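Just below is one structure, and these are the notes that go with it.
Nothing in this text is a laboratory measurement; each read-out follows from the coordinates by a stated rule. Remember, predicted model here, so these are calculated numbers, not experimental data. Positions of Cβ are generated from backbone atoms using ideal geometry, with glycine treated the same way; all protein chains shown enter the neighbour counts.
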Amino acid sequence: MTELSLQQTACPVCGAAGFRRFLAGRDVRCGIDGLFSVVRCDTCRHLYMNPAPTAESLEACYPSDYAPHLAGVTKPGAVAEDGIQSRPGSSERVGPARPWYLRYLPLKSVPGLRSLYYWLTDDRTQPVPLARSVCPSAAATRIPVSPKALELGCSTGNYLAALHRQGWEVYGVELCAEPARVACEAGWNVHQGTLETAGLQDEAFDLIAAWMVLEHVPEPVATIQTIHQLLRADGILLLGVPNAACWQRYLFGANWYCLDLPRHLQHFSPSILRKLLEQAGFDQIEIVHHRTLLGLVGSLGIVIRRWFPSARLGGWMQRYPEQPRLLLQLLLSPLAIAFSLIHQGEGLTVQARKRSARG
C-alpha cells in the first residue's frame with residue numbers, strides 16, 4: 001500500500017491555527033494506508049484534512065485505478081450522439097449501450113414521458129453552456145472567434161469534448177500524468193500539472209469550469225483568486241463540490257462516501273463557499289443543490305462492508321457511484337429532487353460571474 005507524507009497545516013480558508021478534531025477515517029476507495037483526520041477551524045468553522053499531504057505527495061493520492069480518471073475517455077474521429085462533428089478529433093464518450101427498456105419498449109409513444117424522463121435525469125451536476133449564450137458578442141461578430149473555456153481537473157477530456165460541441169475553444173489542466181496523456185492523445189490542449197504551473201495569461205478565458213476539484217486543492221483561496229485573474233470581465237465560473245452541510249455527512253460520519261479521504265482536503269458548506277467567491281471578486285452567485293443520491297448508495301455500501309467485509313452487495317453499492325445504472329437512478333430521482341428542494345443535496349453546483357469594473 002502507498003503511504004503518504006503528511007504535514008500540519010493552518011486553516012486553508014482563514015489561515016487560523018486553532019482547530020478541533022472532527023473525525024478520522026481511512027481510504028475506502030483506493031486503499032492508501034493510514035488514518036486521516038478531518039478538523040474544524042476554531043475561527044471560521046471550515047472543515048479540512050489536517051495533517052494534509054505534502055505537495056510532493058498529492059499525485060500519489062490518485063493511483064492508476066482511481067475511477068474518475070478511467071471514465072469519459074474520448075475517441076478521435078467519432079460523431080457525437082447529436083450528430084455534431086467535434087474537432088480536434090470529433091469526440092464522443094465511450095460508455096455502455098442503452099439499456100434494453102429504452103431500446104425495445106415503445107416508450108417514446110407515451111405522451112409526456114420524454115419530458116418526464118429529462119426532468120428526472122437532470123441531476124444539475126455538470127451543465128454545459130452554449131458559447132453564444134455566455135458570449136453573445138462572439139456569435140454576432142463577422143470574424144469566426146470561439147470563446148475560450150478552461151477546465152481544471154479535466155481528467156481524460158470528456159467535459160472538454162462536450163464544451164467543444166457547444167462552440168467553445170477548450171483548454172484543460174490535469175494534475176495526474178496518465179489521464180492528461182489520454183486527453184492529449186485525443187487531441188485536446190491539456191497541461192499536466194497544477195493551475196499554478198500552467199503559465200496561463202490573465203483575462204484569457206470567458207468560462208472556467210472546475211467539477212469536483214476545489215475540494216482537492218491545498219489552497220482553495222489562492223485557487224479561486226487565480227481563477228478570477230484568468231477570467232475576462234463578466235466571465236463565468238462553474239464549479240461543483242460535495243456539500244459538507246448535507247444530512248448525509250451528519251448521518252454517516254467517517255463512512256460518508258463524499259468524504260473520500262485522503263483526496264478531499266476541503267469540505268465546503270454553501271455559506272463558506274459563497275463567502276470565498278465574494279471575497280475574490282465574484283457576484284451573481286447561484287448555488288444549486290444536486291438532484292442525485294449516488295453518494296447515499298455509496299455510503300450504505302461502505303457501512304455494509306464495515307460490518308460484513310466479504311458481502312458482495314456492499315462492494316457493489318460502494319462502487320455504484322462510479323458505475324450508476326439508469327433504472328435505479330430513475331427510481332431514486334423523486335427522493336433526490338425532494339432533498340434538493342429543501343437544500344440538502346449531497347453536492348453543489350455553483351455559477352458565479354467575475355465582477356466587472358463598472359459593476
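Some notes on this structure:
- When restricted to Cα atoms, the stretch 259-299 yields an Rg and a Dmax of 13.3, 37 Å, respectively.
- Summary value for the stretch 124-256: 21 percent relative contact order, contacts being C-alpha pairs under 8 angstrom separated by 6+ residues.
- Chain lengthening between Ala311 and Gln351 when straightened (0.36 nm per residue, less Cα-Cα): 10.3 nm
- Principal axis analysis of the Cα atoms in the stretch 180-334 yields extents of 52, 39, 30 Å, listed in decreasing size.
- Rg to Rh quotient for the stretch 142-218, alpha carbon positions, Kirkwood Rh: 0.96
- Distant-in-sequence amide H partners of Gly235 (H built 1.01 Å from N, under 5 Å): Lys354
- Karplus-derived HN-Hα couplings along the stretch 191-206 (A = 6.51, B = -1.76, C = 1.60, θ = phi - 60°), whole Hz, x at Gly and Pro: 8, 8, x, 9, 4, 5, 9, 6, x, 7, 7, 5, 6, 9, 10, 8
- Residue by residue, the stretch 324-330 carries 3J(HN,Hα) couplings of x, 10, 4, 4, 5, 4, 5 Hz when phi is fed to the Karplus relation 6.51 cos²θ - 1.76 cosθ + 1.60 (θ = phi - 60°); x denotes Gly or Pro.
- Across every pair of non-identical alpha carbons in the stretch 120-262, the mean reciprocal distance, once inverted, gives a Kirkwood radius of 16.3 Å.
- Where a label projected 7 Å from the Cα of Ser133 along Cα→Cβ would reach, residues of the stretch 185-218 with amide N under 18 Å: 206-211
- Amide H contacts of Glu346 (H built 1.01 Å from N, under 5 Å, at least 5 apart or other chain): His290, Thr292
- Rounded to whole Å, sorted largest first: equivalent-ellipsoid semi-axes of the stretch 6-54, Cα gyration tensor: 21, 11, 8
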